[in-house]
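The values are calculated or read from the model by the stated rules, or taken from the named source; none is laboratory data. Small disclaimer: the values here were computed from a predicted structure and weren't measured. Positions of Cβ are backbone-derived with ideal geometry, glycine not excepted, and every protein chain shown enters the neighbour counts. Heavy atoms of the whole protein, side chains included, go into the accessibility calculation; ligands, DNA and RNA do not. Shrake-Rupley method; radii C 1.70, N 1.55, O 1.52, S 1.80 Å.
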Amino acid sequence: LVVDVPQGEDTPYVFQGTVYTRVRSDSSIADAETMRIMVENRASQPERWERRASSGLGIENLDVDLIGEVVQRAQEKRGCRFASPDDPEAVLNELGLTRFGQFTNAADVLFGRQVAIRHPQTRVRAVRYESSKRNRFIAEQLFEGLLLTLLGMVMAFFQRHVSISSDFESGSLTRATRPQYPWNSLREGLVNAFAHRDYASFSGGVTASVYPDRIKIRNSGRLPKGISAESLRRE
């Protein structure tokens, strides 16, 4: 069994008051020069967008009820434990959604009320086209809101515009209905589009397009270096 742990981006890491370096299978205490290099390298790299503090965002701008629902589901279905489950600010701090006493952009995307005003890239455009040529659409909606809410909105759009077949099983009086595409597959595609889009870009929205013969879910994210769409199809 081989466990590959990629190098973290938030060096230096401290364990029991001491900074260590790891080279292959050896761990050693970092000397002053190594620590200086780590700090300088970190200072030269821009902080990830989701970890930056969201200016002016307070607890009154967050959906406290949704935070409570997430805590309850995490406890019941995932076995998670929180030190102060009834304190929304303490919960967000435990989830790494605060930075130096301020709520982060990630907290805003997940739980912020009217988040699209501050971050228009969180919107999702859903379109139902009449044909495969994109020359005329039957329905179009622009969704905005919390990340978890958006997922339900777009799935509801799919359910309204995806074809459903219906037939009777042999020897049965019960009608069986089947969607053109499995709902779980569409949901997985949306989850991946939300998780991997480029939130740092104002043009980082998600588009869900329903055609008569296919569905396209597109975001502004890119594949990792060295990987192409063609290579994903190889077994």
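Quick one: which helices (runs of 4 or more DSSP H) lie wholly within region 135-235 and hold at least 1 residues that are within 22 Å of the chain's Cα centre (by Cα) and within 30 Å of residue 112 (Cα to Cα)? Full working, then the answer.
On the way: elements: 147-161, 183-196, 229-232.
Qualifying helices (runs of 4 or more DSSP H): 147-161, 183-196.
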Quiz prompt | Neighbours by Cβ (under 6 Å, 6+ apart or cross-chain): first from region 156-179, open to solvent by less than 80 Å² (accessible area, probe 1.4 Å); second assigned to a loop (DSSP other than H, G, I, E, B) and among the charged types (D, E, K, R) | solution = 176/169
Exercise. Evaluate region 114-123: report whether one residue or more is among the aliphatic types (A, V, I, L, M), open to solvent by 90 Å² or more (accessible area, probe 1.4 Å) and not in a loop (DSSP other than H, G, I, E, B).
Key: yes
Practice problem: Filter region 127-160 for residues that are among the aromatic types (Phe, Trp, Tyr) and at pLDDT 90 or above and give the result. | Solution: 129, 143, 157, 158
Quiz item: Given 136, 99, 125, which one is within 19 Å of residue 196 (Cβ to Cβ) and in contact with a strand residue (DSSP E or B) (Cβ under 9 Å, 6 or more places away or on another chain)?
Solution: 125
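Scan region 1-13 for residues that are open to solvent by 90 Å² or more (accessible area, probe 1.4 Å) and of a type in the set (D, E, K, R) and report the count.
Here the count works out to 2.
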Quiz prompt | Residues of region 47-68 classified as open to solvent by less than 90 Å² (accessible area, probe 1.4 Å) and either over 21 Å from residue 112 (Cα atoms) or assigned to a loop (DSSP other than H, G, I, E, B) (or both), total | solution = 7
Quiz item: Within region 69-92, can you find the residues that are touching a helix residue (DSSP H, G or I) at 6+ places or on another chain (Cβ under 7 Å), surrounded by 13 or more Cβ atoms within 10 Å (Cβ to Cβ) and free of Cβ contacts under 8 Å to residues at least 24 places away in the same chain?
Solution: 71, 80, 82, 85
Practice problem: Among the numbered conditions (1) over 21 Å from residue 49 (Cβ atoms); (2) open to solvent by 90 Å² or more (accessible area, probe 1.4 Å); (3) at pLDDT 85 or above, tell me where residue 232 comes up short. | Solution: (3)
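Hey, can you tell me all the residues within region 14-46 that are part of a loop (DSSP other than H, G, I, E, B) and surrounded by fewer than 13 Cβ atoms within 10 Å (Cβ to Cβ)? Walk me through it before giving the result.
First, pick out the residues of region 14-46 that are part of a loop (DSSP other than H, G, I, E, B): 16-17, 24-25, 30-31, 45-46.
16, 17, 24, 25, 31, 45, 46, listed by residue number.
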